[in-house]
1. If you check every pair at least six apart or on different chains, which have Cβ atoms under 8 Å apart with a residue in the stretch 125-141 that is outside any helix (DSSP H, G or I) first and a residue that is of a type in the set (D, E, K, R) and modelled with pLDDT of 90 or more second?
2. Only residues in the stretch 190-201 that are closer than 14 Å to PRO234 by Cβ count as the first member; pair them with residues that are within 16 Å of the ligand (Cβ to nearest atom) and among the aliphatic types (A, V, I, L, M), Cβ under 6 angstrom, at least 6 apart or cross-chain, and list the lot.
3. Which of (1) over 16 Å from the mean Cα position of the chain (by Cα); (2) at pLDDT 95 or above; (3) not hydrophobic (A, V, I, L, M, F, W, C); (4) not in a loop (DSSP other than H, G, I, E, B) is the odd one out, the single condition THR106 does not satisfy?
4. Tell me, yes or no, whether the stretch 348-371 has at least one residue that is basic (Lys, Arg), assigned by TED's automatic domain parsing to the domain that holds THR273, in contact with an Asp or Glu (Cβ under 7 Å, 6 or more places away or on another chain) and buried (at least 16 other Cβ atoms within 10 Å of the Cβ).
5. Quick one: count up the residues across the stretch 224-265 that are more than 16 Å from the ligand (Cβ to nearest atom), closer than 16 Å to ILE319 by Cα and free of Cβ contacts under 8 Å to residues at least 60 places away in the same chain.
6. Determine if the stretch 344-361 includes at least one residue that is of a type in the set (A, V, I, L, M), in a strand (DSSP E or B), in contact with a Pro (Cβ under 6 Å, 6 or more places away or on another chain) and at negative phi.
7. Let me spell it out: the conditions are (1) assigned to a strand (DSSP E or B); (2) within 16 Å of the ligand (Cβ to nearest atom); (3) of a type outside the set (A, V, I, L, M), and GLN303 meets all of them except one. Which number is the exception?
8. From the list VAL380, VAL337, exactly one residue is touching a residue at least 12 places away in the same chain (Cβ under 8 Å), surrounded by fewer than 16 Cβ atoms within 10 Å (Cβ to Cβ) and of a type in the set (A, V, I, L, M). Which is it?
Amino acid sequence: MVQKMSILLLLLFLFFSFFTATHAAYNVLDFGAKPDGRTDAKKAFLKAWAAACGAAKPAMVHVPSGRYFVSQAIFLGPCKNNKIRVFIDGTILAPTGNNRDTQWITFKYVDGLSIYGGTLDGRGQSMWACKRARRSCPIATTSFTIGQSKNVLVQGLTSLNSEGFHMSIYASSGVTVKRAKFLAPRDSPNTDGIHIQMSSYVNIVSSIMRTGDDCISMGAGTSAVWIEDIKCGPGHGISIGSLGGLPKEPGVQNITVSKVVFSGTQNGLRIKTWGKPHDGYVKGVVFRHAVMNNVQYPIVVDQNYCPGNINCPGQSSGIKISQVSYTNIRGSSATPVAVKFDCSPRNPCIGIGLRDIKLTYKNKPAQSFCKNVKGSTSGVMNPPSCL
Ligand SMILES: *[C@@H]1O[C@H](CO)[C@@H](O)[C@H](O)[C@H]1NC(C)=O
């Protein structure tokens with residue numbers, strides 16, 4: 001036993017020696033961070049980042065275990081090397097109370113970054129209380145943002161109790177999120193798991209999302225997204241949209257959502273657009289191998305999206321939805337209408353494909369609803385299709 005331990009330690013030592021010889025390594029403690037959960041470690045984190053970002057060879061930043069209070073940290077590139085690795089063993093705590101920043105931990109203008117581990121505690125409770133009381137609240141902070149970046153891996157991150165979105169990916173390309181957890185209570189307002197906007201080649205795989213809003217939402221200008229092996233719920237499901245709220249939004253295309261288990265969510269697979277005339281499109285979407293456990297609206301296209309139903313525009317949506325397929329979607333709906341297509345009168349949904357749909361409502365057949373939609377079906381159809 002003792003011998004095994006020493007061999008292990010020797011191997012670890014060799015690995016570290018090798019690593020530090022070929023990589024520049026920076027520990028936030030050496031830059032003055034105090035893992036006491038109180039002292040603001042912002043400056044220490046930014047200095048460690050500046051050293052790694054300025055290094056000419058592959059660089060590593062280490063955040064050892066402990067609790068670090070960080071008021072805000074915007075890590076900026078471009079960097080001198082394209083192989084920065086950030087290893088986080090600790091927990092990072094957000095400010096509570098009257099925070100006015102819209103972003104908390106952000107990486108921007110970076111190419112070639114991997115982040116391993118870490119727990120981010122957004123401490124959003126007082127923001128949620130404000131929103132629940134319908135007071136006028138400051139804009140909720142997004143816990144973690146990747147912006148204007150390329151080739152980013154986020155692996156094994158845990159994000160807790162964000163004020164607003166847990167994670168936002170915008171204007172970026174080649175972003176992979178793997179084995180991550182996004183956790184907030186079911187009744188926490190607007191705590192989306194991951195929101196993607198103006199980005200392409202985004203992979204979100206093998207992750208768990210239990211939130212108060214969408215597990216994953218995809219906004220305007222999203223393309224080439226691969227979502228696979230996700231556990232979603234509680235939450236509002238996986239959504240494309242809402243789109244068409246503003247004029248001249250770029251479209252959404254080439255989206256694959258595979259092997260998602262939805263448990264007790266409001267929606268399963270949803271596409272939502274406002275009832276406004278603004279042009280735009282959603283095309284080339286594959287939804288497959290989904291399991292619905294007591295989901296209110298398992299399959300839904302809603303082109304009259306209007307949360308809260310106040311001052312709804314009520315016009316014909318200008319967003320054109322085409323080539324959307326649903327394959328092997330099974331499980332239980334919590335409401336009688338398990339499949340709902342409420343498409344735009346002026347721009348009907350076209351090329352909708354349903355194949356092997358097995359959805360029940362209270363162990364009985366469920367129903368479908370179709371408005372302004374064209375498409376085809378094959379295989380088992382429960383509920384019977386209205387296409
Ligand atoms: C579609 O998206 C996938 C990733 O989901 C990507 O590999 C593929 O290259 C994309 N295709 C096009 C034509 O953009």
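The values are calculated or read from the model by the stated rules, or taken from the named source; none is laboratory data. None of the values given here were measured: they were computed from a predicted structure. Please note: Cβ atoms are built from the backbone with ideal geometry, for glycine as well, and neighbour counts cover all protein chains shown.
1. Listed by first residue and then by second, the contacts come to CYS137/LYS131; ALA140/LYS131; ALA140/GLU163; THR141/GLU163.
2. Going by the 6 Å Cβ cut-off, the qualifying pairs are GLY193/ILE216.
3. Result: THR106 passes all but (1).
4. Yes - at least one qualifying residue is present in the stretch 348-371.
5. 6
6. yes
7. The failed condition is (2).
8. On inspection, the qualifying residue turns out to be VAL380.
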